[in-house]
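Notes follow once the structure below has been shown.
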Amino acid sequence: MTNSSGNNLDRSAGREAVNPKDGVNNKGSGFKIEMSQSGDPSVFEASNGKLSISVPISLKRRSGRQLITLPDGKTHEPRPWDTDPTPLQLALARGHCWLAMLETGQVKSLREIAEKEGIDNSYVSRMVNLTTLAPDIVEAILDDQLPPTLTLFDLAVDPPKLWSKQRKRVYSLKS
């Protein structure tokens, strides 16, 4: 794969990328990929049957992630399995994991989990508190839809027992 400057970007076997600057020629399935930021999409077939496909795209970084931007300005959202979990998502997963360890009898107390993990007992307690959150708040955590002003501390320290009060606390912190 080469970019518009002619730099070889191909890192995978099975693709043909010829770069006159460094002479790299990876023989493979007979297709060549070039990236350019302008022009019209096109497909060319050579006399030997090889195809050349031209699609003008650009890569942009947003929130530390690379997104492909098409000529019309649209971006393709990353797939869920291509993104790293947020700190809130990790905390929620830890809380559920540790609660399951308690429920199945693998450990006898939160203190035992803290000793096994080499962390503070109060941290384990706060993460387990996240397992009592209302389903819509959990869904918002998993979809990364909570406001950036909301912190793990806001959710994990002494959460109200009633879901309606939890929602009131979360949505009062949105502003």
Taking the residues in the stretch 128-141 that are surrounded by 15 or more Cβ atoms within 10 Å (Cβ to Cβ) and not β-branched (Val, Ile, Thr) as candidates, determine which candidate is modelled with the lowest pLDDT. ALA140
Within the stretch 142-175, tally of residues that are modelled with pLDDT of 90 or more and in contact with a Lys or Arg (Cβ under 7 Å, 6 or more places away or on another chain): 3
What are the residue pairs meeting all of these: first residue in the stretch 47-58, first residue free of Cβ contacts under 8 Å to residues at least 40 places away in the same chain, second residue loosely packed, with under 12 Cβ neighbours inside 10 Å and among the β-branched types (Val, Ile, Thr), Cβ atoms under 7 Å, and 6 or more apart or on different chains? LEU51/VAL43; ILE53/VAL43
What's the number of the condition LEU90 fails, among (1) surrounded by 15 or more Cβ atoms within 10 Å (Cβ to Cβ); (2) within 26 Å of the chain's Cα centre (by Cα); (3) at pLDDT below 95? (1)
Which pairs have Cβ atoms under 6 Å, sit 6 or more apart or on different chains, and link a residue in the stretch 113-127 that is assigned by TED's automatic domain parsing to the domain that holds ALA93 and under 14 Å from ALA91 (Cα atoms) to one that is part of a helix (DSSP H, G or I) and among the basic types (Lys, Arg)? MET127/ARG94
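The values are calculated or read from the model by the stated rules, or taken from the named source; none is laboratory data. Everything numeric in this text was worked out from a predicted model, so none of it was measured. Because the Cβ atoms are built from the backbone with ideal geometry, glycine has one as well, and the counts that use them run over all protein chains shown.
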